[in-house]
Amino acid sequence: ALILALTVAWLSAGVSPALAQSSDDGWRTTVYPIYGWLPLFGADVRLPEIPNPPPCDGCGDGGPLVPGGNVSSNLNGAAFAAVLVENKWVQAEANFLWAGLSADAERPNLKVEVDTILAGARLGVRVVPNLFVYGGVRHVGLNVKATALVFDEVQWKPRIWEPLVGASFTPRLSSRWRLMAKADYGGVGADNHSSYSATAALEWQPLRHLAVDLGYGFFQITVDGTVAQKPIRLEQTTHGPIVGIGIPF
């Protein structure tokens, strides 16, 4: 929706092609040492089954229990850094993110805490002006702690390497403003995990070596695994506003 609104506004304003294109065809490197994210966190978790008979009165009977449910939270905290190297034909990026997320629900009684580490690299080539398609790799490290009902806490630490494919759209709106949008899918060919991410931001460059980004980000991952030889599943969604400071040179 943000991309569509900005594109319509850009076309309606009659921004000249000269301003929409960068006048410099050389390389540009932007380091983002400060990038903050305030995401809303939600999770759907299915914990390892509990054998019958249950360890407490009122926990059910007639077969093994599979504790789980949905949780959602208020704003959580995340921080990441990135480096973007680009010219008219090529984009290359490396990034790192850490997020400490938690949420709970009263019915059923469920608490989920997830420390998330993302690190990735991608390389894209231009297919039409301002539109790049790319491939790359992403590492996902999760430290999941979950408690359901009165059962003991379950801790799970999956580590995932996954290939990713995606696209970025980076038109220059004026000499100081640029739209930075990208989306990708990770886990191509994998059966036990998949991920999606998307961001859209406006970049304002008031000075030659200063850029300020303001936008919105989304990330979702689904992971299946085992704990004590029993299946466990996590579907995690994070989305929220992002703000960053970059140093272009």
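The values are calculated or read from the model by the stated rules, or taken from the named source; none is laboratory data. What you see is a predicted model; the values in this text were computed from it and never measured. For neighbour counting, all protein chains shown are included, and Cβ atoms are generated from backbone atoms with ideal geometry for every residue, glycine included. For accessibility, only protein heavy atoms count, side chains too; no ligands or nucleic acids. Shrake-Rupley method; radii C 1.70, N 1.55, O 1.52, S 1.80 Å.
Diagonalising the gyration tensor over the Cα atoms of segment 146-193 and scaling each eigenvalue by 5 before taking the square root yields semi-axes of 39, 18, 8 Å, largest first. Computed log10 I(q)/I(0) for segment 193-249 at 0.21, 0.24, 0.25, 0.30 Å⁻¹: -0.80, -0.90, -0.93, -1.08, from the Debye equation with unit scatterers placed on every C-alpha and solvent omitted. Over segment 92-149, the alpha carbon radius of gyration divided by the compact-protein estimate 2.2 N^0.38 Å works out to 1.73.
Residue pairs exceeding 25 angstrom between C-alpha atoms, taken from Lys157/Lys230; Lys145/Lys182; Lys111/Lys182: Lys145/Lys182; Lys111/Lys182. Across the protein chains, with a 1.4 Å probe defining accessible surface, the residues Ser195, Ser73, Ser102 rank Ser102, Ser73, Ser195 from largest area downward. In segment 64-115, the ratio of gyration radius to Kirkwood radius, Rg to Rh, stands at 1.29 when only Cα atoms are counted. Farthest towards the positive end of the charge dipole of the chain, among the residues His193, Gly240, Asn143, is the Cα of Gly240, using unit charges on the Cβ of Lys, Arg, Asp and Glu.
Please give the peptides 219-226, 232-239 ranked by average Cβ packing (other Cβ atoms within 10 Å per residue), highest first, as a rough proxy for protection.
232-239, 219-226
Remark: C-alpha extents of the chain on the principal axes read 73, 32, 30 Å, sorted largest to smallest. The calculated 222 nm mean residue ellipticity attributable to helices in the chain amounts to -1500 deg cm²/dmol, summing -39500 (n - 2.57) over DSSP H runs of n ≥ 4 and dividing by all residues. Applying both filters, DSSP loop and at most 15 other Cβ atoms within 10 Å, to the GluC sites (Glu not before Pro) of segment 75-106 gives Glu106. Put a plus charge on the Cβ of each Lys and Arg, a minus charge on the Cβ of each Asp and Glu, and nothing anywhere else: the dipole of the chain about its Cα centre is then about 960 debye. Equivalent ellipsoid of segment 125-249: semi-axes from √(5λ) of the C-alpha gyration tensor, largest first, are 36, 18, 11 Å. Computed from point charges on the beta carbon alone (+1 for Lys and Arg, -1 for Asp and Glu), the dipole magnitude for segment 136-249 about its Cα centre is near 420 Debye. The phi-based Karplus calculation (6.51 cos²θ - 1.76 cosθ + 1.60; θ = phi - 60°) puts the 3J(HN,Hα) values of segment 189-198 at x, 8, 9, 10, 7, 7, 8, 9, 9, 7 Hz, whole numbers, x for Gly and Pro.
Relative to the longest principal axis of the C-alpha atoms of the chain, give the angle of the C-alpha long axis of helix 2-13, reported between 0 and 90° and rounded to the nearest 10°. Helix 2-13 sits roughly 20 degrees off the main axis of the chain.
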